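Undergrad: What follows is a single structure, and I will ask about it in a moment.
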Amino acid sequence: MSDIKVAPEGLEVARTLDAKGLSCPMPLLRTKKEIEKINSGEILEILGTDPGSRNDIPGWCARAGHEYLGEREDDGFIRFYVKKK
Amino acid sequence: MSEGLFSQKVKNFFKLLCQTEWNATASGLIIAILSILIMAWWRPWGAVGAIRNWGEWILYGIGIFGQKPSSVLISSGSVIGIGFVAGAFISACLGNDFSFKFPPPWELVKAIIAGILMGVGSAFAGGCNVGGMYNAIGNLAANGFTMWLGLIIGVVLGLKYIYWEMEHVTWGTSGGKNFDFPYGLKIVIGLVGIAALIWGAYKYAGMSDDYAASLSGILLISAGLGYTMQRGRWCMVQAFREPHMTGDCTLAKSVALSILVLAVGAAVLKYAVPQRGSSVAVKSVLMDVVEDIDTDEIQDEELADTLDDLTDAAEQAVVSARRVLDPVNYVRGTFGWGAILGGFLFGLGAMFAGGCGSGTLWRVGEGQMKLWLVVPFFGISNAIMTKWFRAIHMEGTGPMHEGSKLGIHLYLPDALGYGWTLAIVALAMALWYIIVDWNEDSNKLIVEM
């Protein structure tokens, strides 16, 4: 029952993944694949609409060692930010 | 100052009840308790009963099925589905999770394949992940264990397929859309939904027919299940998948605990209640006696009438007790290859869908259009398979499924007694718990991308 972590404004994003409309488990699997395409220390932005991602993405970050920077609500979707380890 | 503090606490309470994601263990326990309650009310819940009834209506509507299916408001399976989706919808509205989520086109193709696989799989297994596995093990039926095994195999293979798909399928994998509404409007709709459920339950309760009146509790308890599952994002396919995908075993542990609690509750109901009022008890104590009475030979008219009434009442008692808690009604003749194959196909389909039977329905309540498409294909394929299986007596005949070609009808306590049955369920769930926990740290069972 964790509170939502809000990402800081103006993050410099290396790559953006459009996972809008996708449902579990696709957003997380796409994220796993997409993060392979950026370098360590760079930030991946994920655009999603599945409420489950709010739990899945931070949980996976903790497990895989990436830094979860938080989310920002946009118009009808959520932007998630992950910094690669 | 104190008023500010109090309203803060009210806000926190609303947030806890309606907005935050409930912890998996608590959700699993609430689901187990509600599952025991609905069983005590008179029947275990399931998802496929509703989905099949709706599929039968589609087939009837397009002229393929000639016989009119039972009404969606009277079939107990369908009422469970309606309550469940309504509960999930209310939860999604109050928690601001509801919106119409349109997936990219490839996901819609997968939804159709998923629905067909799940419909066929649940026909072989004698239920979906709920009726065929969760409530089957919970009802101490051996076929639950074979479906459990099939589900694991299907989910792992489904995961491998999804990895393959991510490398090879590029058509239609992006461009999803989302249509959201203002949160305030969702809260109002959610509250209207609660009022509608209560109104519906009173409407049922007021019906003169005993069966229809009993649907009041079925509707409300199912709504509680849907609410809890959406709020806890409690998904059984995730419990099977996650240990092999990320290693996370939170939901697997929660499902294991939930099944154990349910099995204990079911054992209490099934062991204790038949001693007092099951069809067997009524039959041996009452029916055998009254059947021997020939009321025509009795001269006293009043006594003859009374005895006639008694015979009717005894017959009624046997019928209703049979419907309520008699274990044989919830054991399927699929302990064997049927439930393994069924579990496998269902698990594979659930991976395509991104939700099992129950997970599909609560995601429908959340506005996930992909799952909206899964349901009709699931229902149609299951309705056709079930009709065909019935015609060829695939699952045998009668409540004991004599001559089933899919496997054995085995109520575990008949073979092992209640004590050993509970010990086996506890042992199996403990083993599952320990293995997924071990895997979370060792990652031995993870299927690599």
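Undergrad: Taking into account only those residues within the stretch A:22-53 that are closer than 26 Å to B:W164 by Cβ, in a loop (DSSP other than H, G, I, E, B) and within 11 Å of chain B (Cβ to nearest Cβ), which is modelled with the lowest pLDDT?
TA: Here the residue is A:C24.
Undergrad: To continue, here is another question. Take the residues in the stretch B:76-97 that are touching a helix residue (DSSP H, G or I) at 6+ places or on another chain (Cβ under 6 Å) and facing another protein chain (nearest Cβ under 9 Å), then tell me which one is surrounded by the most Cβ atoms within 10 Å (Cβ to Cβ).
TA: B:A92
Undergrad: Across the stretch B:98-129, which residue is farthest from the chain's Cα centre (by Cα) among those that are within 14 Å of chain A (Cβ to nearest Cβ) and of a type in the set (F, W, Y)?
TA: Once the filter is applied, the top-ranked residue is B:W106.
Undergrad: Run down B:V156, B:V188 and say which single residue is out of contact with any helix residue (DSSP H, G or I) (no Cβ under 7 Å at 6 or more places or on another chain) and at pLDDT 95 or above.
TA: B:V188
Undergrad: Can you say whether B:I152 is under 30 Å from B:W420 (Cα atoms) and assigned to a helix (DSSP H, G or I), as far as the supplied structure shows?
TA: yes
Undergrad: What residue, among those in the stretch B:43-73 that are aliphatic (A, V, I, L, M) and more than 30 Å from B:G265 (Cα to Cα), is surrounded by the fewest Cβ atoms within 10 Å (Cβ to Cβ)?
TA: B:I62
Undergrad: Right, next: Tell me which residues, restricted to the stretch A:1-59, are touching a Leu at 6+ places or on another chain (Cβ under 8 Å) and among the polar types (S, T, N, Q).
TA: Passing the criteria: A:T16, A:S23, A:T31, A:T49, A:S53.
Undergrad: Please go through the stretch A:29-42 and pick out each residue that is touching a residue at least 12 places away in the same chain (Cβ under 8 Å) and either surrounded by fewer than 15 Cβ atoms within 10 Å (Cβ to Cβ) or more than 26 Å from B:D97 (Cα to Cα) (or both).
TA: Hits for the stretch A:29-42 are A:I35, A:K37, A:I38, A:N39, A:S40, A:G41, A:E42.
Undergrad: Looking at the stretch A:70-85, which of its residues are part of a strand (DSSP E or B) and crowded, with 20+ Cβ neighbours inside 10 Å?
TA: A:E71, A:I78, A:F80, A:Y81, A:V82
Undergrad: Here's a check for you: in the stretch B:157-190, which residue that is among the hydrophobic types (A, V, I, L, M, F, W, C) and more than 13 Å from chain A (Cβ to nearest Cβ) is nearest to B:V85 (Cα to Cα)? Show your work before the answer.
TA: From the stretch B:157-190, those among the hydrophobic types (A, V, I, L, M, F, W, C) are B:157, B:159, B:162, B:164, B:166, B:169, B:171, B:179, B:181, B:185, B:187-189; that's our starting set.
Still in the running and more than 13 Å from chain A (Cβ to nearest Cβ): B:157, B:171, B:185, B:187-189.
Details: B:L157: 29, B:W171: 32, B:L185: 19, B:I187: 17, B:V188: 17, B:I189: 14 Å.
Restricting to residues being among the hydrophobic types (A, V, I, L, M, F, W, C) and more than 13 Å from chain A (Cβ to nearest Cβ), the top hit is B:I189.
Undergrad: Can I ask one more? Given the residues B:G4, B:G61, B:G66, B:G49, which is the only one that is of a type outside the set (D, E) and in contact with a Gly (Cβ under 8 Å, 6 or more places away or on another chain)?
TA: Of the residues listed, the single one that is of a type outside the set (D, E) and in contact with a Gly (Cβ under 8 Å, 6 or more places away or on another chain) is B:G49.
Undergrad: Quick one: how many residues across the stretch B:207-245 are free of Cβ contacts under 8 Å to residues at least 40 places away in the same chain and within 14 Å of chain A (Cβ to nearest Cβ)?
TA: Residues in the stretch B:207-245 being free of Cβ contacts under 8 Å to residues at least 40 places away in the same chain and within 14 Å of chain A (Cβ to nearest Cβ): 2 in total.
Undergrad: Just one of the numbered conditions (1) within 7 Å of another protein chain (Cβ to nearest Cβ); (2) out of contact with any helix residue (DSSP H, G or I) (no Cβ under 7 Å at 6 or more places or on another chain); (3) not in a helix (DSSP H, G or I) is not true of A:G10; which one?
TA: (1)
Undergrad: For the structure I just gave you, tell me whether A:A19 is within 13 Å of another protein chain (Cβ to nearest Cβ) and under 13 Å from the mean Cα position of the chain (by Cα).
TA: yes
Undergrad: Further question on the same structure: B:V120 fails exactly one of the following numbered conditions: (1) under 16 Å from B:E366 (Cβ atoms); (2) surrounded by fewer than 24 Cβ atoms within 10 Å (Cβ to Cβ). What is the number of that condition?
TA: So B:V120 meets the others, but not (1).
Undergrad: Can I ask one more? Do any residues in the stretch B:425-449 that are among the polar types (S, T, N, Q) have Cβ atoms under 6 Å from those of residues that are in a helix (DSSP H, G or I), where the two are at least six apart or on different chains, and which pairs are they?
TA: B:N439/B:P243
Undergrad: Given the condition in a strand (DSSP E or B) and among the aromatic types (F, W, Y), answer yes or no: does some residue in the stretch A:54-65 qualify?
TA: The answer is no; no qualifying residue exists.
The values are calculated or read from the model by the stated rules, or taken from the named source; none is laboratory data. The shown structure was predicted, so the numbers you read here are calculated from the model rather than taken from an experiment. Counting neighbours? That spans all protein chains shown, and the Cβs are built from the backbone with ideal geometry, glycine included.
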